[in-house]
1. Each residue of the range 198-207 in turn: what ³J(HN,Hα) in whole Hz from Karplus with 6.51, -1.76, 1.60 and θ = phi - 60°, glycine and Pro shown as x?
2. Residues with amide H under 5 Å of ASP376's amide H, sequence separation 5 or more or different chain, H placed in the peptide plane at 1.01 Å from N; which?
3. Could you list which residues have their amide H under 5 Å from that of VAL223, counting only those 5 or more apart in sequence or on another chain, with H placed in the peptide plane?
4. Could you give the dipole magnitude of the range 279-377 about its Cα centre, charging the beta-carbon of Lys and Arg +1 and that of Asp and Glu -1, in debye to the nearest 20?
5. What does the accessible area per residue of the range 189-345 come to in Å², with a 1.4 Å probe and no ligands, DNA or RNA counted?
6. Along the Cα→Cβ direction, 7 angstrom out, place labels at ASN37 and LYS275. What is the inter-label distance in nm?
7. Using alpha carbon centroids, what distance separates the range 135-210 and the range 353-369, in Å?
8. Mind sorting out which of (1) 87, 65, 45; (2) 69, 51, 38; (3) 60, 56, 46 is the real Cα extents along the principal axes in Å computed from the coordinates?
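The values are calculated or read from the model by the stated rules, or taken from the named source; none is laboratory data. Just so it is clear, the structure is predicted and the values come from calculations on it, not from any experiment. No Cβ is skipped: glycine too gets one built from the backbone with ideal geometry, and neighbour counts run over all protein chains shown. Note: accessible area is taken over every heavy atom of the protein model, side chains too, but ligands, DNA and RNA are not part of it. Shrake-Rupley method; radii C 1.70, N 1.55, O 1.52, S 1.80 Å.
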Amino acid sequence: MKLNTLFITLLFTAIFSVNAQEEITYTVFKKEPINFNGTPGKDIEVERLQSGRIIYKKVSVPKFKKGTDVSIKLTVRSNGDRWDKSGSCFVVNNLDELSIIDISKGNKEFPIASTIDTKFKGVKATDTYKPVVELLRFMTPFGVGYYSDNTVKYRRPVYIPSWEKEVVWEQDISQLKSLVTNTFYVGVWIDSWTAEGYEVDLELNYSNRSRKTQKVITLVNTVPYVSGQSLPDFFARTVLEQTFELPKKAKNVKLYYTTTGHGGHSGGDEFIKIKNSVFVDNKLILDTIPWRDDCASFRRFNPTSGVWIKKDSASYIDSKTRSYQVKEIEERIASSDLSRSNWCPGSSVKPFKIDLSYLKSGKHTVKISIPATAADGDKLNHWLVSAYVTYEE
């Protein structure tokens, strides 16, 4: 009897230990619409803001006291919007703290100290307000899903057998574990202005593997989530400056910096190589031209991308002479093929990660300089920039 009891106890312990190490996947959204004054979804737990251009939901998951890896998986399909749009998945961790959710509902206003260049509100963290932290920056493709039935087949290059039905991005966000455990809000914003808009799926995956948990200090976010926030073209006139304070014994300090340029048509910041310079305490820590020149590899996600014909010369093998010949051809060039300022239609945007382990405790200043082009009329040049600091105790 004692042996049987011991066996059962050991078996239960083994099963519990295995289960304790199992991954946890939390489905936040499933086929949830994001649009402008369009039809809402059926999930009654989902809240909509800004006429449906933001959706968010309260999430509760275990605390994972020993830490965990965390990854995000976001799927986007067009529900009728045929254009490439900026998108951002974000988290609000402190439910009692002032955030864009309160301000979007009209209950609160942005603090004056969060403003830059007199009119760009909600950009900087203050004592009473924190800009949301981005879990994932992305750019929707041109019409993937809704227009992927080959009715636009004459825009499809010969090297693509068929258009994709959706675009899926996955990204490790383990450095943000402290923000996406326990109870928090997760939201998605897409800059759609059509009633059809998009639909999204969103999952958070937790490995349950022990690892150190990092603290997060929110710095800045220029994404205009809220009505009344101006498109951030202020980099053309000024630098973005923000201070933060490291506590004693902070170690393994890192800065995460996400940046994309937009607008201005063919000669605007979306299509011009512009340097981003980031300083900490006046020391240059990042000096880069954020640029993507692989956008043609995303062609299969962009059925409604504008296409024009370009004359070119092509070398080919003549079947009769079995030798290479050259002839003039007309080739299809798509808007989605063009290189851009750190993004492609259908791509996610990974943050730059800069090691700041040399910093000591106390106050520090971050400066972001982008010699950008000012917005002018319908040339809506602007830069979407967000940044936060992580550290271990």
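1. 9, 10, 10, 10, 9, 10, 10, 10, 10, 6
2. ASN381
3. When sequence neighbours closer than 5 places are left aside, the close amide H contacts are VAL385.
4. Details: 16 positive and 12 negative charges, 65 e Å.
Its charge dipole is roughly 320 debye.
5. On the way: 7610 Å² over 157 residues.
With the other protein chains kept in place, the range 189-345 gives 48 Å² per residue.
6. 4.6 nm
7. Using only Cα atoms, the two centres lie 32 Å from each other.
8. Correct label, based on the coordinates given: (1).
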